[in-house]
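Below is one structure, written out as structure tokens; comments come after it.
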Amino acid sequence: MAPLSRWSATAVGLVSVAAALAAGHLVAALTDPFASPFLAVGDTAVDLTPHAVKDFAIRAFGEHDKAALLAGMAAVVAGAAVVAGLLSRRGPLPGTLVAVALGLVGVAAVLARPTSDAFAALAPSAGLVVGVAVFRWLHRLAPRHRNGPPAGKAAHEQTTVDGPATGRAVAGADRRRFLVASGAVALGAGAAAVGGRLGGGRADVEATRRSLRAVPDVGAPPIPPGADFAADGTPAFITPNADFYRVDTALSVPVVRVRDWRLRVHGMVDRELVLTYDDLLDRELVERTISLCCVSNEVGGPYISTADFIGVRLHDVLADAGIRPGADQLATRSVDGWTCGTPVEAVLRPDSGALLAIGMNGEPLPVEHGFPVRMVVPGLYGFASATKWLVDAELTTFAAFDAYWVQRGWARHAPVKTMSRVDRPRAFQQVPAGRFVAAGVAWAQRRGVDRVEVRLDGGPWRAATLSREVGVDTWRMWRAELDLPAGSHTLEVRATDRTGHTQTADRAEPVPDGATGWHTIVFTARP
Ligand SMILES: Nc1nc2c(c(=O)[nH]1)N[C@H]1C(S)=C(S)[C@@H](COP(=O)(O)O)O[C@H]1N2
Ligand SMILES: [Mo]
């Protein structure tokens, strides 16, 4: 038989891989959202990526790191599909083997997820079967190569059909049939992928969030005027939910319905507890304003935000369970299998401020920030305290268990370091010479910010003006009036906390327990 033309071989490869991915995604949406083969391969890639590369991705793409990874994977898969198609111009076997191999990678990635059971193999298997079937079917329909063999030969070939003229008509009909078939499959794949998103329960969860509307109003003290210097360029004191920084390993946001949610508290406890969402609502709810920050934040970086969190005191729940002596780690797990280790001593005292949070800034938790329930512990970096989509809490020891990021080289104990940042001027900004107001933020959760100083062009340190203090667990804004001669300038900032500790000038990278160093801005004053 004549070989497939290059373009039809390419189309066969691409369309069948799209069909396989969409089928897997749709079946996953209907059965187990974490079983989507494409996302599972992405998750596995995230888990296996050396942390240096992950840090690079966070630095290079910021909060678009996930989109960058998925786009990169899509390019690799599309490349494999094209190669599979082109290898199969003379027969479907090579492409079939590639399709089976890709399918098995999907099955393996899904089964490797910490939350997968054997049933989870359904979705990637469906993808595999659909991929192979569509590949073989389109391969049969695909137009064959006819790039002008000698007239006599063409005539000879076509005697088996019906004569030259009819032969061309048949070829045209073949090509149309192939175009219609592959177009239909591509459309179907698009519809299945969209259906998979909608069916993923996201709409359902958004409906529950809306029906919960405002979480119970527990009347937190309002943020006093003068808590920020937003007019001088600092962030607003409370970060709107839509602007709150987001860092997690979840490629698709876990979707958990309130009626399905349970928290199991177990391990080194006197009695195991299983809590429902209603159980939380029946408890005393409190509201706390807390600044949450990420250990991956570079000096001057954006991964800190502040919200009013509403929830129950973690201490109360743990006290009900009864912590046995010797337990020094609270190991928590999210519905998608991410784990976190928090020192028990950080959540033990009633005034630790640690919450099982259900609300954020007067709304039920946004899905991206852990709906329906997350943990928040003031004073610890998020990776060691702030489990989103929380479902499991086990009292254990640091000797017995290493959490997700600890397994990847980050510290077991990670209290937030005293830090400060310049928000105005921006690096390399041009500002008018003369009087200029610089401004920024500082934080030292649990300890409180006592003093912020700035230094222009290596001169003497000068005290900045601090904003009204809201609490020791939140950031505090600063502003400082400068008198700028025309020319290039360097501005440095450092904070001192209430224990008397001043930020060190020594530069340290975020790994393993948070960056250090003074945020330094180079800018220009023009005459
Ligand atoms: N389930 C889950 N919870 C998680 C994470 C995660 O990857 N998965 N990342 C943690 C990290 S590293 C940080 S800094 C905070 C960020 O919370 P946010 O996205 O609400 O700002 O969530 C923490 N909780
Ligand atoms: Mo983080």
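Which angle between 0 and 90 degrees, to the nearest 10, do you get for helix 37-48 versus the longest principal axis of the chain when only C-alpha atoms count?
Result, in degrees: 50.
I'd like the orientation of helix 6-31 relative to the chain: the angle between its Cα long axis and the longest Cα principal axis, in ° from 0 to 90, rounded to 10.
50 degrees
Semi-axes of the equivalent ellipsoid for the range 337-382, please: Cα gyration tensor eigenvalues, times 5, square-rooted, ordered largest first, whole Å. Write down the numbers at each step before the final one.
Working: eigenvalues 81, 38, 12 Å².
In descending order the semi-axes read 20, 14, 8 Å.
Once you have a ≥ b ≥ c as the square roots of the Cα gyration tensor eigenvalues for the range 1-145, tell me rounded if a/c is under 1.5, and otherwise prolate or oblate according to whether a/b is larger than b/c. Mind showing how you got there, number by number?
Working: a/c = 2.71, a/b = 1.58, b/c = 1.72.
Oblate, since a/c reaches 1.5 and b/c is not below a/b.
Could you tell me the extents of the range 448-527's C-alpha atoms along the three principal axes, largest first, rounded to whole Å?
Principal extents (Cα only, largest first): 41, 32, 18 Å.
Which value in deg cm²/dmol, rounded to the nearest 500, describes the helix-derived mean residue ellipticity at 222 nm for the chain, given -39,500 (n - 2.57) per DSSP H run of n ≥ 4 and division by the residue count?
Working: 12 runs with 184 residues, N = 527.
Result for the chain: -11500 deg cm²/dmol, rounded to the nearest 500.
Rounded to two decimals, what is the ratio between the C-alpha radius of gyration of the range 392-527 and 2.2 N^0.38 Å? Show your work: numbers first, answer last.
Working: Rg = 18.2 Å, N = 136, 2.2 N^0.38 = 14.2 Å.
Cα-based Rg divided by the globular estimate yields 1.28.
Taking every pair of alpha-carbon atoms in the range 305-396, what share in percent sits in each 5 Å bin, from 0 to the bin with the longest distance?
For the range 305-396, the binned pair fractions read 3, 15, 27, 28, 18, 7, 2, 0 percent.
Once both axes come from the Cα atoms, what is the angle between helix 93-112 and the longest principal axis of the chain, in degrees from 0 to 90, rounded to 10?
Around 30 degrees separate the two axes.
Can you compute the radius of gyration and Dmax for the range 240-328, using only the Cα atoms, both in Å?
That works out to 16.4, 45 Å for Rg and Dmax.
Across the range 422-483, how large is the tail of the calculated P(r) beyond 19 Å, expressed as a percent of all Cα pairs? Working shown, then result.
Values: 651 of 1891 pairs.
Across the range 422-483, Cα pairs with separations above 19 Å total 34 percent.
List the trypsin sites (Lys or Arg not before Pro) within the range 470-527 that DSSP assigns to loop and that have no more than 13 neighbouring Cβ atoms inside 10 Å. Let's see the in-between values first.
On the way: sites: 476, 479, 494, 498, 507; in loops: 498, 507.
Of the trypsin sites (Lys or Arg not before Pro), the ones in loops of the range 470-527 whose Cβ has at most 13 other Cβ atoms within 10 Å are 507.
According to the Kirkwood expression over distinct Cα-Cα pairs, how big is the hydrodynamic radius of the range 230-408, in Å?
Values: mean 1/r = 0.0607 Å⁻¹.
For the range 230-408, inverting the mean 1/r across all distinct Cα pairs yields 16.5 Å.
How much of the calculated P(r) for the chain lies past 37 Å, in percent of all Cα pairs? Can you show the working numbers first?
Numbers: 61312 of 138601 pairs.
I get 44 percent for the Cα pairs in the chain exceeding 37 Å.
In bins 5 Å wide, starting from 0, what share of all Cα pairs of the range 345-469 does each bin hold, as a percent?
2, 8, 13, 16, 15, 13, 11, 9, 7, 4, 1, 0
Each reported figure results from applying straightforward, stated rules to the coordinates on display, with no laboratory input. Everything quoted here is computed from the prediction, not taken from an experiment. All Cβ positions, glycine included, derive from the backbone under ideal geometry; neighbour counts span all protein chains shown.
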